[in-house]
Amino acid sequence: PYRSLVVREDSGEVVSAGFPKFFNHKESGESGQKLSPEGRQLLGALKENRPVWFTEKMDGSLCIRSVIDGQVVFRTRGTLQDTEHTRAMREVATHKYPILLDPTFEPERSLLFEFVSPLFRIIIRYQEADLIFIGIVSHHDLRLSDVPELKTVAEESSFNLVQIMELPTDFSR
């Protein structure tokens, strides 16, 4: 169910994790289902009047920051190898978010960022390279952190948090 999960071969222990696999509207990944798991969660939250959050869609590459065997690793979804992208991600961390280089900071969770850069342009032209904070995944239970926790970590660590908007849950007005 995870698009980018790194585990120890001998024990199955999770050492790095990205976001869970997700599907587009009406792509369930499961035969016989009309809605994706995300669609079912959204409808359930709306029916139960629970908060629903949306984030701005950034036009970059997923950066997964983990601590593996006491070493800080920056990686993309497809590799653990040192690449031009991961070196650029580490450079941004060095200049803007040095706490990310500390292996004692959040060693039990993967911190997820969207890496944007004028040098690695996809569609949108960003003025400068940055790591936009978008998520946290626990290695212990693969739980994604909720929005209040993301906001707290971003504030305490001076991370550039993605823009988050709460969807209204009362449509009667």
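Readers should treat all values here as calculations from the given coordinates under stated rules, not as data from a laboratory. The structure displayed is predicted, hence computed values, not measured ones. Here the Cβ is made from the backbone with ideal geometry for all residues, glycine too, and neighbour counts use every protein chain on show.
Label-to-label distance, Asn49 versus His95, with points set 7 angstrom from Cα along the beta-carbon direction: 4.9 nm. Taking packing as the residue-averaged number of other Cβ atoms within 10 angstrom, the listed peptides 138-149, 59-70, 92-103 run from highest to lowest as 59-70, 92-103, 138-149.
Using the Cβ-Cβ distance between Phe120 and Arg77 with R0 set to 25 Å, the FRET efficiency works out to roughly 0.95. With both labels modelled 7 Å from their Cα along Cα-to-Cβ, the Gln41 to Phe105 distance reads 2.7 nm.
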